[in-house]
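Please read the structure below before turning to the comments.
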Amino acid sequence: MKKSEALVLEFLQYQNLSAALDKLRTHDDLVGYDHSELNCLQCIGTMEHPNVTALAERMQMTRGAISKIIQKLSDKGAVASYQLPGNRQKVYYVLTDLGRSLFDRHEIRHRQWEEEEQRFYDSLDQATLETVTDFMRRLNGYLLHQLEEKRQ
């Protein structure tokens, strides 16, 4: 097996293990909301006047996908729409009380994940951190380029 193939397998194992841990961390209060819905709530909760276009850009998704997520969240009572006075063309979104509660619980869960991951990263020496950071920066740049090409 080539080293590049072994690396791909390591990434797949990381994704699988991370997903399994995430399921164990998920409390009953977040069941029924998928990853995209929770991330959308997080964006709405932190952006000023979020609309479909801004959310699609932030989440690196299509406007159609965001519209579907927003519809699900609206049907569940987690978000509501509004318009600014004098601008009846654009529709924006805000968290409802339920959405704010989900946002807060998701933030707590996310901080716990970051703290757990950080403990591992803190155990690495500086040279390893620099190498891995450079690798990830290059990988993310490559993936962003691939996204841009596919969208054209």
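Every residue, every condition in (1) surrounded by 12 or more Cβ atoms within 10 Å (Cβ to Cβ); (2) farther than 30 Å from Q152 by Cβ, yes or no:
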| position | (1), (2) |
| --- | --- |
| M1 | no, yes |
| F11 | no, no |
| D29 | yes, yes |
| G32 | no, yes |
| M47 | yes, no |
| T62 | yes, no |
| S74 | yes, yes |
| F103 | yes, yes |
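Out of M1, M61, one residue alone is closer than 25 Å to V132 by Cα and assigned to a loop (DSSP other than H, G, I, E, B). It is M1.
Against the condition in contact with a Ser or Thr (Cβ under 6 Å, 6 or more places away or on another chain) and surrounded by 12 or more Cβ atoms within 10 Å (Cβ to Cβ), how does V79 come out, does it pass? Can you show your working first?
Values: in contact with a Ser or Thr (Cβ under 6 Å, 6 or more places away or on another chain): no; surrounded by 12 or more Cβ atoms within 10 Å (Cβ to Cβ): yes.
Judged against the criteria, V79 is not a match.
Would a scan of the range 34-46 turn up a residue that is part of a loop (DSSP other than H, G, I, E, B) and within 24 Å of L144 (Cα to Cα)? Yes. Among the residues of the range 73-84, not a single one is in contact with a strand residue (DSSP E or B) (Cβ under 7 Å, 6 or more places away or on another chain), β-branched (V, I, T) and assigned to a helix (DSSP H, G or I).
Any residue that is at negative phi, touching a residue at least 12 places away in the same chain (Cβ under 8 Å) and either touching a Pro at 6+ places or on another chain (Cβ under 7 Å) or part of a helix (DSSP H, G or I) (or both) - is there at least one of those in the range 50-57?
Looking through the range 50-57, at least one residue is at negative phi, touching a residue at least 12 places away in the same chain (Cβ under 8 Å) and either touching a Pro at 6+ places or on another chain (Cβ under 7 Å) or part of a helix (DSSP H, G or I) (or both).
If the condition is being in a helix (DSSP H, G or I), over 19 Å from L21 (Cβ atoms), among the charged types (D, E, K, R) and more than 19 Å from the chain's Cα centre (by Cα), then the range 89-140 contributes D97, E130, D134, R138. Test of understanding: among L102, L139, L144, L98, which residue is touching a Phe, Trp or Tyr at 6+ places or on another chain (Cβ under 7 Å) and either free of Cβ contacts under 8 Å to residues at least 60 places away in the same chain or within 20 Å of L30 (Cα to Cα) (or both)? That would be L102, the only listed residue that is touching a Phe, Trp or Tyr at 6+ places or on another chain (Cβ under 7 Å) and either free of Cβ contacts under 8 Å to residues at least 60 places away in the same chain or within 20 Å of L30 (Cα to Cα) (or both).
All of the numbers you see were taken from the coordinates with simple rules; none came from a lab. These figures come from a predicted structure and were not determined experimentally. As a convention, Cβ positions derive from the backbone with ideal geometry for all residues, glycine included, and neighbour counts pool all protein chains shown.
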